[in-house]
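Here the structure is laid out as structure tokens; the discussion comes afterwards.
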Amino acid sequence: MSKRTLADELRSVLLAHSMDAPDPDQTVDQILATTVDAKSVQPGTSEPAGKRGWWPSPQLLSAAAVIVLVVLGAAGINLLSKHNGQSAGADKSAAQPAAGSLAGPQRSTGSPLPGQPKRPDVAQAPGFAANPPAPTDLPCSSIPGGQVVVGAHTTFTLTSTGQVLSAYEFYCVGSNGQRTASEVQVFGVRDGKLSLLATLVAASKDGHLSQLSSIPNGVRIQGTDNSPGARPGDLVSITYTTSDGGTTFESTGELLAKACQAADLNVRVATVPGGVTGEHQVLRLTNHTANPCVLEGFPTVYSVLDGRQLGSLLPSLSGPSGGVTRARIPPVVVLIPGGTAGAIIEYATAHPTCAPGNQLSIKLPTGVKLGPVAASLSACGLFIHPLVDNADGLN
């Protein structure tokens, strides 16, 4: 075994701690030239040019130790800077409104389609494209200002080949926070291009995804099921796996929680102080059963005077008093036994000549009718925000 020189040892140590430099080899050469002696090392190698033994002089050891400490300090600064940059990016991403809500435990913020800024976390993920091609069957025109967005997304690995495939949720979101059904598609990279392999959940199923997570050879999808033959609003979990590279998928599902029914809920309108606008009203729904039930979206609320409907409240994602302020769409709420969901009611503009009602008639997005509920509210100029898992309607 050949003897290792001081240059050999220093090069191996320095290279291990200078990988953040623009040119590690050149950086190490410069350090070695300064400490060991320019004549003792051939540039770009660790081979000695003259005779120098394994044991250096004390002066050289001291100089080399100082240089190593300097390199370690610089590497630490680079790593800290890189870590802080990544943390700041993550914090910035987390602060963006979330956009996805139908199957497994990951929920991701929505991503714009072509012509809008790309999401960094999508672009950096293996197999992901920031702007996957959107399906053409989404009913965006059915809601005011409807635009296609990319919601939840994840990758999964085929255990037989190691290939990474990507799953994306697409849906439309309106200017007031209303949304359409989710469509979940799987893509793979073929010939350098992102190609559609399969549609797991079609928009025609009228389901709303709440979580998406990867499993070996597939994904787990959780969300509300509104398809024909199903009870609208039930929360289900469905596992999709493939054995042919992503062209076809097998599915197995289970019911997680039933949609809330009129008999499950106590309904009232409460006056809540505080907020920018001061006192305002909140529609509160409390689950008085022993089992969880599911709520989602904007309730349809009518002002009623002595049994006669006067007008309906307009849906709005949020307002001065609160509502859904951290997402682009209403959440799927699993209301635990004894739990209360809230939806804020507030004025957009005052209408002093508009006759107030003395009751509210309410219909949940699933079609379940509630009420009438005693409440003195105007028949016009009022907004209703989505139901959220908070008695004061704040999310």
So if R0 is 45 Å, what FRET efficiency would residue 231 and residue 190 give, r being the distance between their Cβ atoms, rounded to the nearest 0.05? 0.70
Express the carbon and sulfur contribution to the solvent-accessible surface of region 314-395 as a percent, rounded to the nearest whole number, probe 1.4 angstrom. 57 percent
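Mind ranking 283-289, 298-304, 382-388 by how tightly packed they are, going by the mean number of other C-beta atoms within 10 angstrom, highest first? Write out the running numbers ahead of the final one.
Details: 283-289: 19.6, 298-304: 22.0, 382-388: 25.6.
Highest mean packing first, the order is 382-388, 298-304, 283-289.
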If each of residue 354 and residue 241 carries a label point 7 Å out from its Cα toward its Cβ, how far apart are those two points in nm? 5.5 nm
Determine how large the accessible area of residue 244 is when every protein chain is in place; take a 1.4 Å probe and give Å² rounded to the nearest 10. 70 Å²
Rounded to the nearest 0.05, what FRET efficiency is calculated for residue 289 and residue 141 with R0 set to 30 Å and r the Cβ-Cβ distance? 0.20
Restrict the search to region 230-292; then list the GluC sites (Glu not before Pro) that DSSP places in a loop and that have at most 16 other Cβ atoms within 10 Å of their Cβ. 279
Hey, with R₀ at 22 Å, roughly what FRET efficiency would residue 336 and residue 254 work out to, going by the Cβ-Cβ distance, to 0.05? 0.70
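The values are calculated or read from the model by the stated rules, or taken from the named source; none is laboratory data. Remember, predicted model here, so these are calculated numbers, not experimental data. Reconstructed Cβ throughout: ideal geometry from the backbone, glycine too, with neighbour counts over all protein chains shown. For the accessible areas, the whole protein counts, side chains as well, though only heavy atoms, and no ligand, DNA or RNA atoms are used. Shrake-Rupley method; radii C 1.70, N 1.55, O 1.52, S 1.80 Å.
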